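Taking it in order: structure first as structure tokens, then the write-up.
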Amino acid sequence: MDRPVFLLASAWRSGSTLLQRVLSSGPELFVWGESHGAVERLRLLRDGLARHRGIFAASARAHAARGLDAFIANLNPDPDRVALACRAWFEAYYAEPTRAKARRRWGFKEVRCDAGHARFLLDLFPEGRVILLVRDPVSVLASLRSVGWYRDAPAAGEHWRRATESFLDFTDPRALLVRYERLIADPGAELERICAHLDLRVELLDRTHFGRKVRAASGPPTLELPQLIELHRPALREVAMRAGYDDPASDPRLVWASALRATAVRELETASRRVGRLGQWLRARARRISR
């Protein structure tokens, strides 16, 4: 329980759920899902209290000298205890439910974290291990466009760029960089590498998950004009090539004519739905007035 696994993906639609399923299929480890910002909130709590260390220390000295007659409005425990409290939160939230599943190690996956969050988690759990999962940005943005909860292309592209760049600059030996493409192309070899890093027995994992289609998308991957524009952004292209991918702007999937057509179709469909809702509202309004 002192050796958790943190599976951090640089963006949505990068294969983190697939790897979560595979790693959880054995008898040793259970990887929980996304906590929707809990890691960031706890890191902000730790860092915020640390910034007030001087004020807290002055209040502690005043209280030690004058007792309750001192100004104690800022009297706090030692900020070093915040890390213990954050660790206790993770243990209560993840470790205890993992024991109920008869597993001896816990973990979770996240798509909202970067290397700064990985450093925070390893500060709390020095024996922990991190998987940094990346996928090429063209596939990420195309796949994102096919889901109902899609984020706009500039926000998604910038999230991928910032997180991926931080992963590339993170050199802690407790973190392992994994590319989705290699995981899919040669799952056996990549699982061997991942399990060696995590100290898991690879023969106990269920590899059939790689052959199962569990789609969360509502349609096929699509590239429209906003995605093409984002994939031509110099900052994103630079990080993509640093990560070992070809220049996204030269990807053969980026066809301007098809993107224009797909964008026009989507805009027409959106306008049609809006007109339909407006007609429904006008008819309902007319019926109420007629009464």
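The values are calculated or read from the model by the stated rules, or taken from the named source; none is laboratory data. Predicted model, so just to flag it, every value in this text is computed and none were measured. Using ideal geometry, Cβ is built from the backbone for each residue, glycine included, and neighbour counts are taken over all protein chains shown.
Looking for something over 15 Å from E40 (Cβ atoms), part of a strand (DSSP E or B) and either in contact with a Leu (Cβ under 7 Å, 6 or more places away or on another chain) or hydroxyl-bearing (S, T, Y) (or both) - is there at least one such residue anywhere in the stretch 110-128? Scanning the stretch 110-128, I find no residue that is over 15 Å from E40 (Cβ atoms), part of a strand (DSSP E or B) and either in contact with a Leu (Cβ under 7 Å, 6 or more places away or on another chain) or hydroxyl-bearing (S, T, Y) (or both), so the answer is no. On the stretch given as the stretch 109-128, residues that are surrounded by fewer than 23 Cβ atoms within 10 Å (Cβ to Cβ) and over 20 Å from W160 (Cβ atoms) total 8. Within the stretch 204-226, being among the aliphatic types (A, V, I, L, M) and at pLDDT 85 or above holds for L204, L205, L223, L225.
Out of everything in the stretch 163-176 that is of a type outside the set (V, I, T) and surrounded by fewer than 16 Cβ atoms within 10 Å (Cβ to Cβ), what residue ends up being nearest to the chain's Cα centre (by Cα)? Only one residue fits best here, namely D169.
For the stretch 71-99, filtered to residues that are of a type in the set (K, R) and touching a residue at least 12 places away in the same chain (Cβ under 8 Å), the residue that is surrounded by the fewest Cβ atoms within 10 Å (Cβ to Cβ) is R99.
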